[in-house]
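Trainee: Can you read through this structure? Questions will come right after.
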Amino acid sequence: MSLRRRPGNVCNLAVWSCLLMAGQLSWESAKAADHGDTPSLVGANRRDALITDLHTFVRNGRLVLSVCTNPAIPVGATSYLFPSDLTVKILVDRNCPVTFDHAGDLATYGGTIPSPEGIQEDVVFQVTFPDGVNPVLSTQGLSLAGQASVRVFAGLRDDPFIRGPRLGRNVAAIVIDIPLIHVATSQPTLVIWATSHVPELAGPFQELAGRALRSMFPENDPMNGMHPNQHTGVMSVPPDVIIYNTSLPALFPNGRELDDDVVNLVGDPRVLNNDAPFPSGNDRPFLDVFPYLAYAQGLEPTPLPALSSWGPAALIASMLFGLALITHRRRKAA
């Protein structure tokens with residue numbers, strides 16, 4: 001893990017503190033980036049349904065979709081049960097027209113959606129946990145070959161949010177991957193978002209995750225209960241989705257790689273000034289293989305015996321010696 005150098009942090013923090021005391025920023029704004037961003041879920045003590053992050057990128061020709069939940073997992077926890085009433089969905093519009101000629105939108109949102117009211121999910125990955133452990137995946141909009149090629153992981157992982165207050169913390173992660181050709185069937189650009197739902201609260205979902213560091217802020221909280229195709233009409237803002245042109249490498253805001261330092265890239269002072277010790281990388285190494293997220297804090301991988309280092313000749317010799325030993329013992333016993 002490396003640390004950011006912020007020459008202006010002392011001054012910025014002083015200004016931010018003055019704004020807090022003057023009432024121009026609330027304490028809710030100050031703690032918004034700590035993943036406690038949806039009042040309805042927080043008020044119902046359902047932090048286990050909060051979405052903390054949404055990442056999407058391509059690895060080896062496979063589209064990776066990662067949703068992290070529950071910022072309130074206790075430090076030191078080494079096991080986790082997902083809520084049996086939780087439904088998490090990852091939704092993809094693979095036909096939405098997107099343009100890339102508006103420099104401001106391109107830098108902020110990854111592109112422009114000219115007709116946001118037309119956003120509609122073509123592909124849906126729905127994950128539930130009836131037993132609290134094993135994910136049950138259902139899909140919509142995929143071919144039979146696409147359905148057969150999906151992989152899913154669910155479990156405890158290190159929080160991939162590169163953020164000072166989240167160092168040393170775990171989250172409950174859901175990671176799905178699938179060959180990109182089964183999703184990007186009509187154009188390379190995908191529009192992606194995720195939702196979470198618990199039945200005790202009203203509405204089709206209570207939390208929505210799109211582009212990082214948007215719906216988490218108080219002024220954007222209504223986004224969490226609305227379909228993205230309503231965001232512009234109701235709130236006069238661009239829809240909260242991830243725009244991902246898969247013909248280009250994922251680099252925020254085009255998709256979101258695991259090592260994208262969105263706190264620095266977005267640059268909102270409500271997050272920047274509350275980010276000590278200002279990390280610029282994750283506190284645990286990401287993996288090169290599925291599910292790509294770093295191992296959970298307190299859970300180290302179990303090393304496997306390096307049998308391949310013996311070489312084929314040594315392995316064959318070992319097997320022959322074992323067989324000879326067994327034969328010798330059998331003859332001696334007879």
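Trainee: Assign unit charges at the C-beta atoms only (+1 for Lys and Arg, -1 for Asp and Glu), then state the dipole size of the stretch 103-248 relative to its Cα centre in Debye, rounded to the nearest 20.
Mentor: The calculated dipole for the stretch 103-248 is roughly 400 debye.
Trainee: Next up: Loop-only check: which chymotrypsin sites (Phe, Trp or Tyr not before Pro) in the stretch 69-153 are DSSP coil with at most 15 other Cβ within 10 angstrom? Please report the intermediate quantities before stating the final value.
Mentor: Values: sites: Tyr80, Phe100, Tyr109, Phe125, Phe153; in loops: Tyr80, Phe100.
Of the chymotrypsin sites (Phe, Trp or Tyr not before Pro), the ones in loops of the stretch 69-153 whose Cβ has at most 15 other Cβ atoms within 10 Å are Phe100.
Trainee: Next question. Under 17 Å from a label point 7 Å along Cα→Cβ of Leu299: give me every residue in the stretch 56-81 with its amide N that close.
Mentor: Taking a point 7 Å out along Cα→Cβ of Leu299, the residues of the stretch 56-81 whose backbone N falls under 17 Å are 66-81.
Trainee: With r as the distance between the Cβ atoms of Val75 and Asp131 and R0 = 41 Å, compute the FRET efficiency 1/(1 + (r/R0)^6) and round to 0.05.
Mentor: 0.95
Trainee: What's the extension gain from Asp259 to Arg59 if we count 0.36 nm per residue and subtract their Cα-Cα distance?
Mentor: Computed gain between Asp259 and Arg59 is 70.6 nm.
Trainee: Related question: Just subtract the alpha-carbon distance of Asn95 and Leu144 from 0.36 nm times their residue separation and send over the number in nm, one decimal.
Mentor: Between Asn95 and Leu144, full extension yields 15.7 nm more.
Trainee: Still on this structure, please answer the following. Rounded, prolate or oblate: pick one for the stretch 152-277, where a ≥ b ≥ c are the square roots of the eigenvalues of its C-alpha gyration tensor, a/c under 1.5 means rounded, and failing that, prolate if a/b is larger than b/c, else oblate.
Mentor: rounded
Trainee: Measure off 7 Å from each Cα along the Cα-to-Cβ vector at Leu287 and Asp221, then give the distance between these two points in nanometres to one decimal.
Mentor: 3.7 nm
Trainee: What share of Cα pairs, in percent, lie more than 25 angstrom apart in the stretch 9-303? List each step's numbers first, then the result.
Mentor: Details: 19914 of 43365 pairs.
Above the 25 Å cut-off, the stretch 9-303 has 46 percent of its Cα pairs.
Values quoted throughout were computed directly from the atomic coordinates according to the rules given, and no laboratory measurement underlies them. This is a predicted model, so every value here is computed, not measured. Neighbour counts run over all protein chains shown; Cβ positions are idealised from the backbone, glycine included.
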